[in-house]
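Note sheet for the following structure.
The values are calculated or read from the model by the stated rules, or taken from the named source; none is laboratory data. Note that the coordinates shown come from a computational prediction; the quantities given were computed from them, not determined experimentally. Cβ: placed from backbone, ideal geometry, glycine included. Neighbour counts: every protein chain shown. Each accessible area value is taken on the protein alone, full model and side chains, heavy atoms only, with ligands, DNA and RNA left out. Shrake-Rupley method; radii C 1.70, N 1.55, O 1.52, S 1.80 Å.
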Amino acid sequence: MRIIKAKDYVDMSRKAANVISAQVILKSNAVLGLATGSTVLGTYDQLVEWYQKGDIDFSCVRTVNLDEYIGLSEQAEQSYRHYMEVNFFHKINITSTNTHLPNGMATNLDEECKRYDRLIESLGGIDLQLLGLGHNGHIGFNEPNEAFEKLTHCVELKESTIQANTRFFEDETSVPRRALTMGIKSIMQAKRILLCVSGVQKASVLQQVLTGPVTPAVPGSILQMHPNLTVVADEEALSWYQG
Ligand code: F6R
């Protein structure tokens, strides 16, 4: 595991974008596993800036996102497809058919989960998976549980996750209660993982994830087992770390 301490959020975003940019330079048709949420917004902004300067070419890049709410159409402002389009895909030269998210409107959700796993496999697996970290230690929407769910699956969101995500909706009752998410195995099979964490409020959960026991009660703790994990976090999130 490689831990990179950034000065602040802007510095974290720049360092994370550097790792992604290096991946795309090394392999122009890389498969990037992508995340949504607040933490990674600055990373996307930085990549867009470098794209605009002509420093990165996304024309051959393929992407698979971690998760999507169930019951929100692609056009819904709070859907993760919409987030990705607005914050990243529309601003770079990626081919829209190369961008993939689970379909939260699928009529057969079990079949949709299987389709998504087959899709990742058919792309040759994920070269670099970008992750944020939930306050309860979730990665993707793999919530604290009694066992690690391996493959893409349907999940009931925890109350703490619903609370945390209410900021993107009109009120708490409009937050979908269910989502589709890549499973732990799908994430862990990525050749490389980049975990981004920012802010004092994530310090304690980050410490548990990186130094605590590996347990499905803290899903992100499984990342300790990954052979090629890079953590980019700011000083606030790494206040406990002496390295
Ligand atoms: C989103 C996702 C989530 C977020 C996590 C952190 O696609 O997979 O695991 O990365 O909830 O969210 P923020 O960055 O908003 O604190």
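Things to note:
- Cβ-based net charge around V218, under 14 Å, with every Lys or Arg adding one and every Asp or Glu removing one: 0
- Near L72, once Lys and Arg are set to +1 and Asp and Glu to -1 for all other residues with Cβ below 15 Å from its Cβ, the sum equals -4.
- Against the criterion of solvent-accessible heavy-atom surface with a 1.4 angstrom probe, L123, L131 sort, most first, into L123, L131.
- With an a/c value under 1.5 for the gyration tensor axes a ≥ b ≥ c computed over the alpha-carbon atoms, the chain is described as rounded.
- The lysines within cross-link reach of K114, meaning a Cα-to-Cα straight distance under 26 Å and a gap of 8 or more places when in the same chain, are K150, K158, K185, K191.
- Antiparallel bridges, percent of DSSP beta bridges restricted to the chain (to nearest 5): 30
- Relative contact order, percent, the chain [alpha-carbon distance under 8 Å, six or more residues apart]: 25
- Net charge over other residues, Cβ less than 11 angstrom from the Cβ of G137 (K, R count +1; D, E count -1): +1
- Nearest-0.05 FRET efficiency for Q163 and S239, computed from C-beta distance (R0 22 Å): 0.40
- Mean-square fluctuations from a GNM of the chain, with a 10 angstrom spring cutoff on Cα atoms, peak among L72, L34, L26 at L26.
- Solvent-accessible area, 1.4 Å probe, carbon plus sulfur percent, for the chain: 50
- Accessible area per residue for the chain is 45 Å², calculated with a 1.4 Å probe on protein heavy atoms, without ligands, DNA or RNA.
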